[in-house]
Each structure stands twice: as structure tokens, then as C-alpha cells.
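Taking it in order: structure first as C-alpha cells, then the write-up.
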Amino acid sequence: MRAVIGLEIHVQISEAGTKLFCDCRADYRGLEPNTNVCPVCLGLPGALPVVNRRAVELALAASIAFKCSIPKYIVFTRKHYFYPDLPKNYQISMFERAGGIPICKGGVVTFPDPSTWEWRECRVRRINIEEDPGRTEYEEGGITRSPYALVDYNRSGVPLLEIVTEPDLRSPREARSLVEYLMLTLEYLGVTNPRLEGVFRVDANVSIEGGERVEVKNIGSTLDVEKALTYEIARQTMIVKGGGRVERETRHWDAARGVTRPLRHKEYEEEYLYFPDPDLPPILLRDEMIEKASKLAEESPRKYFEMVTGMMIPKDLAWSIVTVKHSALLFMKSVKLGADPQVAARIIAVDYKGELRELGRDPHDPRNWPPPETIYALSKLVTENVYTYDAVKGLMLPKIASNPTIDVSSIVLEKAENLESIIDEVLRAEEKAVKDYLSGKSQALNYLVGAVIRKIGKRAVDPRAIRRAVEERLRKT
Ligand SMILES: [Zn+2]
């Protein structure tokens, strides 16, 4: 059955440095509970919010990247509800009515379908900047069975982007592709780090023909976006096929059990009593701020994808490079230094990445990658026929992966120890080839060099040096 899907994506502006309205850290992970707090983010009486300009700038960059219309100024609104993890009893957010002005209205996200490499579009209804609430934790058994709840305000006030799309998505797979690409784009813009725990949450609105819209809340990963929607569409299809009606409701995604469950009550927007926050004046989006944000917005995965495929790199390889931001930057820098694009792409997208996987190292951590000079040096070894690609891959990449800052020349020039005696041994064993060579069959030399390299084993050696040494030794016989 045809499904119609729209998403509401909450992404922390994790790179904003501090919380949205105070100087507490935006990165609260790993801290003792309730140590990353101050009177502002605890909502103590008399404390006043001061907006984090960097957060606004990054939100503006996202709005520009998604081609939104940008207002002259923005107005924060209060959204009222009561919950223990919301100390002020309202959340500072944005709303397009009741006097509020969000940072973006009417944009579009263009994202690729990796099976066809076609670019799809999903319209963006609006983007809000708002603050994250704290966290409520329950004992085992969750909200229904835990005898008490623990509240941690370390997260309270962390800046969030709320990105609301139009219902333009048609399948769970497409919804997942959109979220993946959106997060990657926000990483390229420098807005967020998609790999931080709990850095984004997705609520999905989904309906099928002949049914009401159901909202599924609490989806915490891109894989779960696909799973939750697949489950929900199957559930709704079964109801309709059985002659029933899908009711309008809000459901909760239970990732552990892989099902959606009904939630008791959902507030409607009129119940939130929105009004402009009197503690925060409207914020004028000045030209220099827009200029700065536009610069950030120029960086996009699509731009890099097109640059890489423009060098005749196959699309799947290019995608593999682009989906790891640091490897895309590394690729471009290596090519700029003079590396051969084909060789650099193979090293970065396939074989070096494979080595990292084998070592259990994170390819998203820049510290696990060599500098561009190393990629350039490796590429040169291959294009100048010093080594075959397989020799670089087998002998050098594992060493570099376990020590990315290693000096390439130190492994290139490493000589096999007791080379002389190895050559002697090989020449004794390969009597026939030696005779052939001495009688003028020069190709026998290749065979002998190969035999010596095999004998040396997996150590990195320079085949040209070996060739010279074998020739010299044969001249003496
Ligand atoms: Zn604070």
C-alpha cells in the first residue's frame, strides 16, 4: 500500500561549544550527573538567558544549505509543558505562529538514492532552534515499573535543530536515506557530530491510503527509522485489509522489541501556550552573520561527491570516500599534492579503510588516517612502478594503519637483513634459472628476483634494490 511519510528530526548542534543560553558545555557526555549545570539551565529564579551566537550561526548555515528562506530576524518562543526534566516548565523553542519566527521556512533537502545514484528531493517545512531538556532515567522496568526516577540536567539547554519535512517520502528506505544524508550534511557544515550517543532523534508521521496519520516517536538511529516505519506500515496495512480504520494517534518506537506501542496522550499545539520569550529580544540576522554562515554552507557531501566522480572515480567508490568526511578531505588534499586519483581512491576508499576495520579502528577519527603526504608518496610508488599496487596494499598499508604518522620512506627503504645470504641460497637452489640467465635469457632474472622476494617474506622491501643486488651477485658468478 502507498505510504506517505514526513519526518521531524531533532539534531543537537553539538559543535556549538556551549549550551544555547548559558556557558555550560554542549558536550555533556561522560560527566557526573548534574555537574554541567548553572542557574540558567537549571531554570533558577532570576536567571536570564543569553543566546549562543555560534549556535545561531550554525543553524543559519543549515538553513542556507537547505535553501530555506531566511527571515530578517528570529524570535524565540516559550513552549509550556510540565515534566521533571524541564526545570523552567517551558522550553525555549521557535514557532511560526503566536509571534514566533523560526530560522528557516520552506527549504529542500536533496539526497541520493545509493542504489540508483539519483538525487531525490524532500521539502523542508521549517527549521527551529530550541533547547534540549534534561534526561529522566528510570530503574530497570522503565517508566511503568520503576519505583522512582532520576533526573540529570547535564543535557538541559543543549542547542537543538528541529527540522520538519513535508510528507514527501514514500518508503522506509527513502526516509532512512534522507536522515543519513541530512546528518552527513550537518557534519560537513560543522554543525554536529553524527556519531555522538543520542545526538539525534526522529519522530515520523506515517499514513497509508485510507487511513489517518500516525506519529511514531523516539526513533534513535537511521537503521531504526527504516525498521520503525516498516513495522508501522505493515501494522496499518493489516488494519485496513482487515476492514478496520487506522486512528490518528501517537505511538512510541520500542527499539528493543522492534514494535510501536500506543502512547496515552499527546498534547496538541494549542495546549502548549506558545508566546514570544520576553527575556530574549528578537535577534537580527546581520549581513556579516549570513555571509559567515553562507561560507560554512558551501561545504556539502554532494559537492565532494561531484568533485571525486569528476576525476573518473566510480560512484560507489566516491560515495565510500565522501561518507567519511575526513577521508574526503584527505583524498582532495592528496590529489592536490599530485597523487593519482585512481590509486588514492583505491587506497582511501577500499584497502586502507579495510585495514582500519581489521584493527577495529574508527575510520571517522582523523587520528587514524595518515597525512596526505603519505597517500601521495604511496601513489607515486605505484605510478612509478617501484611497487605494484598489491605490494603497497599487502606490505605497507598494514604498517601505516597501525602507525598512521609513520614516515613512508622508513618502510620503503627498509632492507631485508642478511640479503646477501638469502640471494646466495636462492641462486644455489635455482641452478637452472641461473644457467638460463648466464646464457643470455634475461627474463630469468625476473624469476630469480621474485624467488628472493618470496624468501624474504612479508617484510617491506624495495624490489628495485633487490634486482640490483641479484644482478650484481650474478655478475660475480
Ligand atoms: Zn548552564
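Scanning the range 4-24 for residues that are touching a residue at least 60 places away in the same chain (Cβ under 8 Å) and in a loop (DSSP other than H, G, I, E, B), we see that the one that is nearest to the chain's Cα centre (by Cα) is ILE13.
Within the range 174-223, the set of residues being charged (D, E, K, R), under 22 Å from VAL324 (Cβ atoms) and at pLDDT 95 or above comprises ARG176, GLU180, GLU187. For the range 306-318, how many residues are in a loop (DSSP other than H, G, I, E, B) and either surrounded by fewer than 16 Cβ atoms within 10 Å (Cβ to Cβ) or touching a Phe, Trp or Tyr at 6+ places or on another chain (Cβ under 6 Å) (or both)? Residues flagged as in a loop (DSSP other than H, G, I, E, B) and either surrounded by fewer than 16 Cβ atoms within 10 Å (Cβ to Cβ) or touching a Phe, Trp or Tyr at 6+ places or on another chain (Cβ under 6 Å) (or both) within the range 306-318 amount to 4.
Scanning the range 394-416 finds one or more residues that are surrounded by 14 or more Cβ atoms within 10 Å (Cβ to Cβ), at pLDDT 90 or above and not in a helix (DSSP H, G or I). Just to be sure I understand, how many residues within the range 146-172 are in a loop (DSSP other than H, G, I, E, B), more than 20 Å from VAL225 (Cβ to Cβ) and touching a residue at least 40 places away in the same chain (Cβ under 8 Å)? Number of matching residues: 6.
Screening the range 1-12 for residues that are of a type outside the set (Val, Ile, Thr) and at pLDDT 95 or above and picking the one that is farthest from the ligand (Cβ to nearest atom) gives GLY6. The helices (runs of 4 or more DSSP H) falling completely within the range 319-388 that include 1 or more residues that are at pLDDT below 95 map to 352-359, 372-383. Just a yes or no: is a residue in the range 243-256 in a strand (DSSP E or B), more than 30 Å from GLU96 (Cβ to Cβ) and assigned by TED's automatic domain parsing to the domain that holds ALA61? Checked against the condition, which is being in a strand (DSSP E or B), more than 30 Å from GLU96 (Cβ to Cβ) and assigned by TED's automatic domain parsing to the domain that holds ALA61, the range 243-256 yields at least one hit.
Taken over the range 13-37, the criterion of being within 7 Å of the ligand (Cβ to nearest atom) and either buried (at least 16 other Cβ atoms within 10 Å of the Cβ) or among the basic types (Lys, Arg) (or both) is satisfied by LYS19, CYS22, CYS24, VAL37.
The set of residues in the range 24-80 being of a type in the set (Phe, Trp, Tyr) and either at pLDDT 95 or above or in contact with a Lys or Arg (Cβ under 7 Å, 6 or more places away or on another chain) (or both) consists of TYR28, PHE66, PHE76. Here is the figure for the range 42-54: residues that are within 11 Å of the ligand (Cβ to nearest atom) and either exposed (fewer than 15 other Cβ atoms within 10 Å of the Cβ) or farther than 16 Å from SER14 by Cα (or both) total 6.
LYS88 fulfils the conditions (1) within 16 Å of the ligand (Cβ to nearest atom); (2) touching a Leu at 6+ places or on another chain (Cβ under 7 Å); (3) within 20 Å of ARG135 (Cβ to Cβ) except for a single criterion, (2).
Matching residues to (1) among the β-branched types (Val, Ile, Thr); (2) surrounded by 14 or more Cβ atoms within 10 Å (Cβ to Cβ); (3) more than 28 Å from ALA465 (Cα to Cα); (4) touching a strand residue (DSSP E or B) at 6+ places or on another chain (Cβ under 6 Å):
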{"position": "ILE290", "(1), (2), (3), (4)": "yes, yes, yes, no"}
{"position": "ALA293", "(1), (2), (3), (4)": "no, yes, yes, no"}
{"position": "THR323", "(1), (2), (3), (4)": "yes, yes, yes, no"}
{"position": "VAL343", "(1), (2), (3), (4)": "yes, yes, no, no"}
{"position": "THR374", "(1), (2), (3), (4)": "yes, yes, no, no"}
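Can you give me the number of residues within the range 127-145 that are away from the ligand (no atom under 16 Å from the Cβ), surrounded by 14 or more Cβ atoms within 10 Å (Cβ to Cβ) and either hydroxyl-bearing (Ser, Thr, Tyr) or touching a residue at least 40 places away in the same chain (Cβ under 8 Å) (or both)? Qualifying residue count for the region: 4.
The values are calculated or read from the model by the stated rules, or taken from the named source; none is laboratory data. Being a predicted model, the structure only gives us computed values, none of them experimental. A quick note on method: Cβ atoms are made from the backbone with ideal geometry, for glycine too, and the neighbour counts reach across all protein chains shown.
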